[in-house]
Amino acid sequence: MATQPLTASPVDSSVKSTIVRSKTRSQPFLRPTFRILDRLAPTLAARLAQRLFFTPPRAVLREEEREILDAGRRGTIEHRGDRLAIWRWGEGPRALLVHGWGGHAGQMTALVEPLVAAGYEVVAVDLPGHGLSSGDRASVRHFADAIAHVAQGLGGIDALIAHSLGSAGSTLALSRGLAVRRAVFFAPPARFDAIWARFRGGLGMSAATWTRFQRRAEAWLGLTFAEIAPADLAPDLRVPLLVIHGTGDREVSLQEGELLQRRWPLARLHRAEGLGHLRVLKDAACIDAARHFLAASQR
């Protein structure tokens, strides 16, 4: 594991969604251009859709998040030609923090101090194509591979705390053998239907082009979309899980978290009244619930 200074990556402050960003606001000609390609050159449209779908934005790092990251021990882990940025705080059993789509390690930093105080070594990572890590493409499969690789590089982890699509990547990693004592998922999706529908609707993609896009994407990923739905992987998992989901989440509905909790044998649900997709990561009551749940594995 290398330990070297990291430089800032470009950010795209126009992107608001942490799941599937729509570029139609910042690029108003994208939708009409795509509609023309969809009719006249569907293969080219499918290729463009693949690039758009799997290219994450670089989200803005807030000053308070930067301060916590700067207080950590910075380093990098090499993974399949990419350089993954990591930060570490404290000593003890390891807790790995995993952000969501279009996010970065800074979004998870409100959890650092409480977990260090609880006796953990806390590790946060920027996943491929995110934050200060290299790469320009990502997916749930890329997330899962990186999470498993980082865990192995650290010598194993005891707790896994993930947000949004990072939870989906974590679920895939767990289904492939990643070992942890307990996991906490903030605002996790159970299926991807809503994400795909929003993406298709944003571009005005026809059913025929969608079929071409799905075929191309699955060939690139080396697996089918049906193989990675968290709700379908959950019944075979035996890791105790706490799902924390805000009732006001407009990105991933509370029903998604409820479904995942029902399908996961050792899962429980914490409803965060009135909170949205990102606010659950900063809320003191949610963080306290996560800390108490993880503490049970240390008794």
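General remarks:
- Here the stretch 66-225 is treated as an ellipsoid with the same Cα gyration tensor; its semi-axes, largest first and in whole Å, are 30, 15, 15.
- The largest accessible area among Arg279, Arg198 belongs to the first residue in Arg279, Arg198, and the rest follow in falling order (1.4 Å probe, all chains).
- Here the gap between Glu63 and Leu266, fully extended at 0.36 nm per residue and compared with their Cα-Cα distance, gives a gain of 69.4 nm.
- Based on Cα atoms of the stretch 248-299, Rg over Rh with Rh as the Kirkwood radius reads 0.99.
- Backbone HN-Hα couplings from phi across the stretch 218-228 [Karplus 6.51/-1.76/1.60, Hz, Gly and Pro as x]: 5, 5, 5, 6, x, 7, 8, 4, 5, 7, 10
- Qualifying trypsin sites (Lys or Arg not before Pro) for the stretch 83-116 [loop in DSSP, other Cβ within 10 Å: at most 11]: none
- Solvent-accessible surface ranking, highest first, for Asp126, Asp82 at 1.4 angstrom: Asp82, Asp126
- The stretch between Ala284 and Ala208, if pulled fully straight at 0.36 nm per residue, gains 22.7 nm over its current Cα-Cα span.
- Helix-only mean residue ellipticity at 222 nm for the chain, each DSSP H run of n ≥ 4 adding -39500 (n - 2.57), per residue, nearest 500: -11500 deg cm²/dmol
- Ordered by 1.4 Å accessible area with all protein chains kept, Ser139, Ser134 run largest first as Ser134, Ser139.
- Here the Kirkwood formula, the inverse mean of 1/r across different C-alpha pairs, assigns the chain a hydrodynamic radius of 19.4 Å.
- Other-chain or far-sequence residues with amide H under 5 Å of Val184's (modelled H): Leu160, Ile161, Ala162, Leu242
- Taking trypsin sites (Lys or Arg not before Pro) across the stretch 113-188, the ones in a DSSP loop with at most 13 further Cβ atoms lying within 10 angstrom of their Cβ are Arg176.
- Cα coordinate range in the stretch 117-164, projected on the principal axes (Å, largest first): 35, 19, 19
- Extent of the stretch 27-82 along its three principal axes (Cα atoms, max minus min coordinate, largest first): 53, 29, 9 Å.
The values are calculated or read from the model by the stated rules, or taken from the named source; none is laboratory data. Please read these numbers as outputs of a predicted model, since none were measured by experiment. Note that we place each Cβ from the backbone using ideal geometry, even for glycine, and neighbour counts take in every protein chain shown. Keep in mind that these areas ignore ligands, DNA and RNA; they rest on the heavy atoms of the full protein, side chains included. Shrake-Rupley method; radii C 1.70, N 1.55, O 1.52, S 1.80 Å.
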